[in-house]
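Taking it in order: structure first as structure tokens, then the write-up.
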Amino acid sequence: MLDMFLYNWQVREDWFEWCKTIPEEELLKERTGGMKSIINNLYHVIDCEQLWVNHMREQPVYNTGINSVSTLNEVIEYSDLTKQVTKEFLGSLSPDYEDRILKVQSKRGYSYSFSYGKVIRHIVSHEIHHIGQISVWSREIGLEPISSDLLTRDYF
């Protein structure tokens with residue numbers, strides 16, 4: 001599963017470089033769908049990765065809130081920190097991780113149980129979903145999106 005995280009992180013890094021080429025107003029501009037802006041979408045996928053990985057690590061979840069980040073550099077720093085923790089966690093997983101169960105309780109008091117495998121696949125697909133939204137927004141502002149073609153990327 002690490003290969004899919006490496007793929008997502010490579011695509012994310014390419015989006016960071018893309019973001020450096022456009023005006024900050026475009027990164028912050030409110031848009032339809034997703035988390036309402038390019039910068040918020042990027043922050044959101046990183047924050048969700050951190051949330052789920054820390055739940056599985058039985059470590060505190062850092063909920064800084066989407067409004068606490070206002071610059072691309074802050075998002076990049078958060079990404080670097082989160083990637084390191086995630087990579088260490090994935091490297092430490094025992095072969096039976098598919099059978100391990102994570103129990104979580106929502107803010108509304110609902111209890112859920114998910115296998116670690118399902119949570120890990122969710123983290124990967126969640127980022128792919130939100131990166132797709134940024135691709136649409138890039139076309140709306142007349143720019144070519146970052147390619148997310150898995151077959152043509154060398155992420156190993």
- Condition met for V119 (part of a loop (DSSP other than H, G, I, E, B), farther than 19 Å from R12 by Cα and touching a helix residue (DSSP H, G or I) at 6+ places or on another chain (Cβ under 6 Å)): no
- Do any residues in region 1-14 that are closer than 17 Å to I38 by Cβ have Cβ atoms under 9 Å from those of residues that are open to solvent by 20 Å² or more (accessible area, probe 1.4 Å) and among the basic types (K, R), where the two are at least six apart or on different chains, and which pairs are they? V11/R153; R12/K83
- Within region 123-142, can you find the residues that are surrounded by 14 or more Cβ atoms within 10 Å (Cβ to Cβ) and either at positive phi or touching a residue at least 40 places away in the same chain (Cβ under 8 Å) (or both)? I123, V124, H126, E127, I128, H130, I131, Q133, I134, W137, S138
- From I120, I101, which residue is of a type outside the set (S, T, Y) and touching a residue at least 40 places away in the same chain (Cβ under 8 Å)? I120
- Residues located in region 143-156, provided they are more than 18 Å from H44 (Cβ to Cβ), among the small types (G, A, S) and surrounded by 13 or more Cβ atoms within 10 Å (Cβ to Cβ): none
- Task: Residues that are among the aliphatic types (A, V, I, L, M) and open to solvent by less than 40 Å² (accessible area, probe 1.4 Å): find the helices (runs of 4 or more DSSP H) completely inside region 3-115 holding 2 or more of those.
- Result: 38-57, 72-92
- Residue list for region 122-156, filter: part of a loop (DSSP other than H, G, I, E, B) and touching a Phe, Trp or Tyr at 6+ places or on another chain (Cβ under 7 Å): I146, R153, Y155
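The values are calculated or read from the model by the stated rules, or taken from the named source; none is laboratory data. Keep in mind it's a predicted model, so treat the numbers as computed, not measured. All Cβ positions, even for glycine, are placed from backbone atoms using ideal geometry, and neighbour counts span all protein chains on display. Just so you know, the surface numbers come from the protein's heavy atoms only, side chains and all, with ligands and any DNA or RNA stripped out. Shrake-Rupley method; radii C 1.70, N 1.55, O 1.52, S 1.80 Å.
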